[in-house]
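Participant: This is the structure, below, for whatever I ask next.
The values are calculated or read from the model by the stated rules, or taken from the named source; none is laboratory data. None of these values were measured; they are calculated from a predicted model. Neighbour counts are summed over all protein chains in view; Cβ atoms, including those assigned to glycine, are modelled from backbone coordinates with ideal geometry. When the accessible area is computed, the model is the full protein with side chains, heavy atoms only, and any ligands, DNA or RNA have been set aside. Shrake-Rupley method; radii C 1.70, N 1.55, O 1.52, S 1.80 Å.
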Amino acid sequence: MNTEIVFLFLQQGIASGLVTGSVYALLALALVIVFRTTDVANFAEGEFYMAAAYLAFFLIALVGLPIWAAAPAMVVGIAVAAGLFQRVVLRRVAAARGVSVNLVIATLGLSYVLKGFVRATGFGDTPRSFPSVVPDGSVTLGQASLSYLDLAILGAALAVMAAFFAVFNLTRTGRAMRAVGMNRRAAQLVGINLGRTERLVWIFAGGISAVAAILIAPKLLMTAEMGGVVTLAFAAAIVGGFASLPGAVVGGFIIGIAENLVGLFVSTRAINVAPFVIIMLVLIFKPQGLFGGRLRVRKV
Amino acid sequence: MDDLLALDAVTMRFGGLTAVNGLSMGVTRGTIHALIGPNGAGKSTVFNCVSRIYRPTEGRIRFDGRDVTGLPAHAMAGLGIARTFQNLELFNELTVLENVMLGAYSRHETRLIERLWPRSPKTRAWAEEILEGTGLKDCRDAKANGLDFGRQKLLEVARALALSPTLLLLDEPAAGLRSREIERLDTILTGLNRERGITVLLVEHVMQLVMSISDRITVLSFGEKIAEGTPEAVRGDPRVIEAYLGTKQPGEAAHGEAAHG
Amino acid sequence: MSVRVLAAVAVLLIGLSLALPALATGYVVYIGNLLLVFVVLSLGLHIVIGEAGQFSLAHAAFYGIGIYTAALSSKVLGLPFLAALLAGGLLAALCGLAIGILSLRMRDIYLALSTFAFGEAMQWVFLNWTPVTGGPNGLAIPPAQVLGQPILSDKAAFPIVAGVTLVVVALVAGLHASGLGRAFRAVRESEVAAAAVGIDVRRTKLLAFTLSAFLAGAAGGLFTTFSTFIHPDSLGFQTTILVLTMIVVGGVGSVTGALGGAIVFGLVSELLRQVPSYQEMIYGGILILVMMYAPRGVFTLVGRR
């Protein structure tokens, strides 16, 4: 491989990596806000995303909604469903035996229910493509080429992240979420409603996953297995330290770029082992992640 | 003086907050030593430094002449330091007996074969003896989270005793107890100290207990030592009274806390 | 698990070993063998989740490592059955140890995440390392050698599978009753209190996780005694979820529960083979409902623990 091709691959890999990375960043963000506030690793995150893509597809193809109506309806639908899951299932699980293993098992259960449901509709097994609203065409940056769709994905993802960070840092609700993440007991003492805050966090997580789905769906073939991408989101979150929101975003971009470079330089088939290799490398060399900082100490 | 436990200029900072600032103190072998002070004075932090849940930002901790500052938390039990927790850290889903047997893990169940063998007659007999002594015998097969609050507090003490400690760290053992239960605790602690020579360091707000059993008292305020001495000396110390002013008088605190249970 | 239950299990397994090959059809004996492998798998997962309260999601991968190692060491090295089974268990344990050392340094949840990713990666390796695993074509498993004799049928394998299972049940029940078992549960209940009584929390978790991986690998070795073929498709996350469902249904933390769950749910999953698209929904629904209404297992709903 001569230097010219290496240079070309590098440029293209980074450019495409920023695009897919922006979607991983959104998914990792959804994972991390849930983990920070509720101490639960949401194994149904990938299936939120998968269910969102299918919900949009059903609304467009079966109900006949135009995409500008279907997209927001779907985002709201998934966000509400995530909130309901917290309200109906997780609250009950925590009350029945409030250990985190049980909560994680419940999310695993949800991921299988959603996957099975989509498969049972009969649309899950054959890959489907999703209509795009962005016109065809592409721009060239340096030697890398990005389609209009790519640019739209990156732009929209960045806008959603900016909006989320604004809510999280500037509003009362965002402050409540951060406070619960830092110290539940203290948050409760200053009058924060724990149940409501946790529910909002799940609603946000659902909404963000849904946005990620609608952005990337036109680029992918949809299958019931597409939620498997969550492994990459987990890796992204671990790169970022698993408790840091900026870490999740940066981790998402790093994973996106790494994935594209592995695809170009090694083999697209090697991508399946990439998340594991990346997680292990982080654990060996930078176990607290890039943004992890100090571990939280539990007060006893 | 023969100090079993010695803190040498221990400082603990959390981010920008200094919870304990340059604290030096010694706990004399064979005594009951109390650590008191208003809320947020850093008493529990001192405990967590000694039992190695926190690593002090600065300073040294010596136990029995040996520097233990760098040891991991689980090594302290093997040296003979047992502790209880302010907010109850029981093995909730395990039985009372199992909780106490676990207390003996590092001192009475040390050989590999003893830990792997499905029956533990020695540990069991020892745990039964502790249960007898603390009056928990009749609920030994109940799950820890099924006990009433007073008994849970007592179980914390029983589990710590099962370790056969040289030094017993008690973090607010009387908080939330009724006055009859406090009297019982008083008897148990004094007995342990006199008969088995166990050195006790306790953090406590219930002044009735502190004043009655302590040989020596250290008073903390905002992470610093403001007074140290016998109960009588500390009680009359103007700095101590001042530290408590604005919150509660030491005497009132006793009634306030004791009335909770 | 009480001594009495253990004795009943022993009597049952010995009785079945004598009677089943003579009375039942080959298919029934095959299902019997498979259920016993599931018993070993679920007891393995029970140690890490039920006893130590840690999450491992790579059980299918360790199982697969055990199957391929046992099959290949029998095929290439000519190892007898027991040595092949131990080789499978040891290699799985070694992989578990390596992952555990790295993951258990950090937050609890890192073990779940890295084992999840490891499971995905291993399935890919099984599928693509064609010279060794046969890749997508699967691998033919040679007959196991017991005392120099090849085991050629499910019926011949059953007494051996039952014997190994009995040993594993007894060991896990013994572990549960031992001081080490108590230490596992202490870590599950409160890490600070466990450290305060002198338990090295990280090492204890690592030990539980490695033991669990060993049993999963050994279950793989056991599988090779009666099965003639393995394909990577049966070594995916679905299998981990199946075993997880077994211990959850039986009651997380109870040895008897893990055993009962494996038998009951092993049969259910065999029936569900008829309706693959509903399988996932049923597993998922069971996990959610049990966590909501019977976190100590469905057997406790009937009354007895």
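Participant: So what's the angle, to the nearest 10 degrees on a 0 to 90 scale, between helix A:172-182 and the longest Cα principal axis of chain A?
Facilitator: 80
Participant: If a/c stays under 1.5 just call it rounded; otherwise compare a/b with b/c (prolate if a/b is bigger, oblate if not). Do that for chain C, with a ≥ b ≥ c from the square roots of the Cα gyration tensor eigenvalues.
Facilitator: rounded
Participant: Through the Karplus equation 6.51 cos²θ - 1.76 cosθ + 1.60, θ set to phi - 60°, convert the phi angles of the stretch A:25-35 into ³J(HN,Hα) values in whole Hz; use x for Gly and Pro.
Facilitator: Taking θ as phi minus 60°, the curve returns 4, 5, 5, 5, 4, 4, 5, 6, 5, 5, 5 Hz for the stretch A:25-35.
Participant: In percent, how large is the relative contact order of the stretch C:3-236, given Cα pairs closer than 8 Å and 6 or more residues apart?
Facilitator: Worked out over the stretch C:3-236, it gives 41 percent.
Participant: Probe radius 1.4 Å, ligands and nucleic acids left out: can you give me the accessible area buried at the C-B interface, summed over both chains, in Å² to the nearest hundred?
Facilitator: Roughly 2100 Å² of accessible surface disappears when C and B pair.
Participant: Now for a separate question. Putting +1 on Lys and Arg Cβ atoms and -1 on Asp and Glu Cβ atoms, find which of B:25, B:214, B:50 reaches farthest to the positive end of the dipole of chain B.
Facilitator: Value computed over the given set: B:50.
Participant: With a 1.4 Å probe and every protein chain left in place, work out the accessible area per residue of the protein assembly as shown in Å², rounded to a whole number.
Facilitator: Here the residues of the protein assembly as shown average 40 Å² of exposed surface.
Participant: If you take the square roots of the eigenvalues of the alpha-carbon gyration tensor of the protein assembly as shown and sort them as a ≥ b ≥ c, do you get rounded (a/c under 1.5), prolate (a/b over b/c) or oblate?
Facilitator: Because a/c hits 1.5 or more and a/b fails to exceed b/c, the protein assembly as shown counts as oblate.
Participant: Right, another one. Students sometimes get this wrong: rank C:95, B:139 by accessible area, probe 1.4 Å, all chains present, largest first.
Facilitator: From most accessible down to least: C:95, B:139.
Participant: Moving to a separate point now. What order do C:107, C:203, B:60 take when sorted by accessible area (1.4 Å probe), most exposed first?
Facilitator: So the residues, ranked largest to smallest area, are C:203, B:60, C:107.
Participant: Starting from the amide H of residue B:221, placed 1.01 Å from N in the peptide plane, find each other amide H under 5 Å away whose residue is 5 or more places distant or on another chain.
Facilitator: B:226
Participant: Another question about this same structure. Using a 1.4 Å probe, how large is the accessible area of residue C:68, given in Å² and rounded to the nearest 10?
Facilitator: Here the accessible area works out near 10 Å².
Participant: Something else now. Provide a list, ordered by number, of residues in the stretch B:96-122 showing at least 50 Å² less accessible area with every protein chain present than when their chain is taken on its own, using a 1.4 Å probe.
Facilitator: B:102, B:105, B:118
Participant: Considering only DSSP beta bridges whose two residues both sit in the protein assembly as shown, what percent are antiparallel, to the nearest 5?
Facilitator: 65
Participant: Over chain C, with every protein chain in place, what whole percent of the accessible area is carbon and sulfur at 1.4 Å, could you tell me?
Facilitator: Here it works out to 71 percent.
Participant: To continue, here is another question. Considering chain C as a Gaussian network with a 10 Å cut-off on Cα pairs, which listed residue, C:56, C:212, C:277, attains the greatest mean-square fluctuation?
Facilitator: Among C:56, C:212, C:277, the largest mean-square fluctuation in the Gaussian network model of chain C belongs to C:277.
Participant: Order the following by accessible area, largest value first: A:172, B:66, B:115. Probe radius 1.4 Å; ligands, DNA and RNA are ignored.
Facilitator: Ranking A:172, B:66, B:115 by accessible area, largest first, yields A:172, B:66, B:115.
Participant: Just from its helices, what would the mean residue ellipticity at 222 nm be for the protein assembly as shown, if runs of 4 or more DSSP H residues each count -39500 (n - 2.57) and the sum is divided by every residue, rounded to the nearest 500 deg cm²/dmol?
Facilitator: The helix contribution divided over the protein assembly as shown gives -20000 deg cm²/dmol.
Participant: In addition: To the nearest 20 debye, what is the magnitude of the charge dipole of chain A about its Cα centre, counting +1 on the Cβ of each Lys and Arg and -1 on the Cβ of each Asp and Glu?
Facilitator: In debye, rounded to 20, chain A gives about 1600.
Participant: When chain C is modelled as a GNM with alpha-carbon springs shorter than 10 Å, which of C:84, C:186, C:213 fluctuates the most?
Facilitator: Ranking C:84, C:186, C:213 by mean-square fluctuation puts C:186 first.
Participant: Charges at C-beta only: +1 for Lys and Arg, -1 for Asp and Glu. How large is the resulting dipole of the stretch C:3-236 about its Cα centre, in Debye rounded to 20?
Facilitator: Computed about the Cα centre, the dipole is about 340 debye.
Participant: Same structure again: Report the one residue of C:22, C:281, C:71 whose Cα lies farthest in the direction of the positive end of the charge dipole of chain C (charges on C-beta: Lys and Arg +1, Asp and Glu -1; origin at the Cα centre).
Facilitator: The one lying farthest along the dipole's positive direction is C:22.
Participant: Something else now. Roughly speaking, to the nearest percent, how much of chain A's 1.4 Å accessible area is carbon and sulfur?
Facilitator: Carbon and sulfur together cover 66 percent of it.
Participant: For residue B:225, give me every one of the lysines with a C-alpha distance below 16 angstrom, ignoring sequence neighbours fewer than eight places off in its own chain.
Facilitator: Here the lysines satisfying the reach criterion relative to residue B:225 are B:43.
Participant: Just to be sure I understand: if you take the accessible area of chain C alone plus chain A alone and subtract the pair, with a 1.4 Å probe, what total do you get in Å², rounded to 100?
Facilitator: Approximately 4300 Å², summed over both chains.
Participant: Please determine, in degrees from 0 to 90 and to the nearest 10, the orientation of helix A:230-239 with respect to the longest principal axis defined by the Cα atoms of chain A, where the helix direction is its Cα long axis.
Facilitator: Helix A:230-239 sits roughly 80 degrees off the main axis of chain A.
Participant: How large, in percent, is the carbon and sulfur part of the accessible surface of the stretch B:2-100 at a probe radius of 1.4 Å?
Facilitator: Heavy-atom surface of the stretch B:2-100 belonging to carbon and sulfur, 1.4 Å probe: 45 percent.
Participant: Straight distance only, please: which lysines reach the Cα of residue A:219 with their own Cα at less than 23 Å, same-chain residues fewer than 8 apart left out?
Facilitator: Once the sequence-local lysines are set aside, what remains near residue A:219 is A:115.
Participant: Okay, next question. Note down the magnitude of the dipole of the protein assembly as shown about its Cα centre, charges +1 on Lys and Arg C-beta and -1 on Asp and Glu C-beta and zero elsewhere, to the nearest 20 debye.
Facilitator: Around 540 debye, computed over the protein assembly as shown.
Participant: Further question on the same structure: Work out from phi, with θ = phi - 60° and the Karplus expression 6.51 cos²θ - 1.76 cosθ + 1.60, the ³J(HN,Hα) of each residue of the stretch C:111-125, listed in order in whole Hz, and give x for Gly and Pro.
Facilitator: 5, 4, 5, 6, 5, 4, 5, 5, x, 4, 5, 5, 4, 5, 5
Participant: Rank C:198, C:284, C:266 by mean-square fluctuation in a GNM of chain C with C-alpha springs under 10 angstrom and give only the top-ranked residue.
Facilitator: C:198
Participant: Which is farthest toward the positive dipole end of the stretch B:81-164 among B:110, B:136, B:152, measuring Cα position about the Cα centre, with Cβ charges +1 (Lys, Arg) and -1 (Asp, Glu)?
Facilitator: Sorting the options by dipole projection puts first B:110.
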